Structures are given as C-alpha cells and as structure tokens.
Amino acid sequence: MRDIFSVRVPVVNIHNTLPVARPGILFILISAVLFLVALAADLVVLRNIFFLTTVFIIWFFRDPKRLTPPAGFGLSPADGRIIKVEDLTESPFTSGPVKKVSIFMNVFNVHVNRVPVSGRVLSQIYFPGAFLKASLDKASEHNERNALILETEEGPVVMVQIAGLIARRIVSWVAEGEQLERGQRFGMIRFGSRVDLYLPSNSDIMVTVGQKVSAGWSPIWRCRS
C-alpha cells in the first residue's frame, strides 16, 4: 500500500523571503511578458487583459510575513473559514480517536500553508483523486490530497492538503524526516481548496464552525495534559 500512495507532489526545501510564494514567480513572469508584448504592439484589449491577469496572479500568490505567537496552542495551517469540527473514533492516518478540524480556503485567501505545531515529519503520503468542491464532506476522502503526519510532543498531528474544484496543484516544501518549526511554511495549494487537521483526542478545540482563521497566527487547539 505504501508504494501505491508514495509522494508525488514536488518537494522543494525553501524559506521564502519574497512577498510572493516562489511557485508563483514563473506565472507572474509569463503574464508580465505577455503584457509587455501587447503593450509594445499597441493591442489595447490584450494589454488590459494581461495587466489585470498579472495583478491577480501577484495578489493570489502573495505570501505575507507573519509573527508567530507564543507557544501554548496549535496554530491554523491555513487562511480560511472553519467548516467542520468533529470527534472521530479513528482517522485514516493514526489509530485511536481523534478530533478533526477542517478549513476551507477560497480563491481570495492566502494559499501558503504553515506548520501548526513543531514536530518531525513521520511520513508524507500523496493520494490521487477527484476535484470535487472542497467544502463538501466527501472531499476529505475522494479528492486529490497530500497528508503530512507529524510526530509532536502532544502525539501525532496530521495535516492534509486537499485539492478543490478549481485547485489542480498541491505543492509540498518539506520531506520525510525533516524537523518542522511552528509557523514555518510547508506548502501551498493553488486556488480554492481545503486543509484538514487530525488532532489528539485530548485537544481543547478553540474555534467554531464559521470562524475565520489565519495561517501561522490563529489558535486552533490546546492539548490537555
């Protein structure tokens, strides 16, 4: 089974210091060149289209700097809105009961994902799948997704990047065995998508359905001792 679900997403170790995520640079350059060509050729309609496209791509791939708040609680891995908080008797990735928190990212959100709690990457598993609307419950099981299983002081914490109706690309910047720090960027999903968290069953959930959260900043849970 491990061979079937081997990691197929691009893995690149980066610590971004740019105002945009590096996967967006090529798209920005292509769109900007097309704008300059249309400008030089005095093609007004195409010039306007490529100008607006370039602005949108820069805005979509924005990667703002954020200060990581003091330790004491787990952070949100994504910008977006909480769409699910539930207790499960088991998860697809770990044994025993867990708490699941799902975050929906629309096209207007920052799409760079951040590590919610420090830990070591035990495994990274890619699942091919469909591209259903990410807010649907069945997207957690049927959509293309990439799972990162972290070994933390609280126990295993699982982050699952899930492609959506428009999203067609999941990008991971970390590798198995790597030590990740709270608030660190670990990947992104292009366009509307979703991130699921599977947390230890003794976690105190600090969010409610409908609440908006920010990656690397908003508290999601604290673990009871």
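Looking only at residues of the stretch 98-122 that are among the aliphatic types (A, V, I, L, M) and in contact with a Gly (Cβ under 7 Å, 6 or more places away or on another chain), we find that the one that is nearest to S140 (Cα to Cα) is I103.
Among the residues of the stretch 185-225, those that are more than 12 Å from the chain's Cα centre (by Cα), part of a loop (DSSP other than H, G, I, E, B) and not aliphatic (A, V, I, L, M) comprise S201, N202, T208, G210, Q211, W217, S218, R224, S225.
Put simply, of I57, I82 the only residue that is among the hydrophobic types (A, V, I, L, M, F, W, C) and modelled with pLDDT of 95 or more is I82.
Pick from S102, S140, S123: which is in a helix (DSSP H, G or I) and surrounded by 15 or more Cβ atoms within 10 Å (Cβ to Cβ)?
S140
Which is under 18 Å from G80 (Cα atoms), touching a strand residue (DSSP E or B) at 6+ places or on another chain (Cβ under 7 Å) and in the same structural domain as S123 (by TED's automatic domain parsing), of Q184, Q179? Matching residue, one of Q184, Q179: Q184. Evaluate the stretch 90-97: report whether one residue or more is under 27 Å from V20 (Cα atoms), of a type in the set (S, T, Y) and not assigned by TED's automatic domain parsing to the domain that holds F27. No, that holds for no residue. Could you tell me which residue of the stretch 66-97 is nearest to S140 (Cα to Cα), considering only residues that are surrounded by fewer than 13 Cβ atoms within 10 Å (Cβ to Cβ) and either free of Cβ contacts under 8 Å to residues at least 12 places away in the same chain or under 19 Å from the mean Cα position of the chain (by Cα) (or both)? Among those that are surrounded by fewer than 13 Cβ atoms within 10 Å (Cβ to Cβ) and either free of Cβ contacts under 8 Å to residues at least 12 places away in the same chain or under 19 Å from the mean Cα position of the chain (by Cα) (or both), it is E90.
The values are calculated or read from the model by the stated rules, or taken from the named source; none is laboratory data. Note that the structure is predicted; figures quoted are calculated from it, not measured. Because the Cβ atoms are built from the backbone with ideal geometry, glycine has one as well, and the counts that use them run over all protein chains shown.
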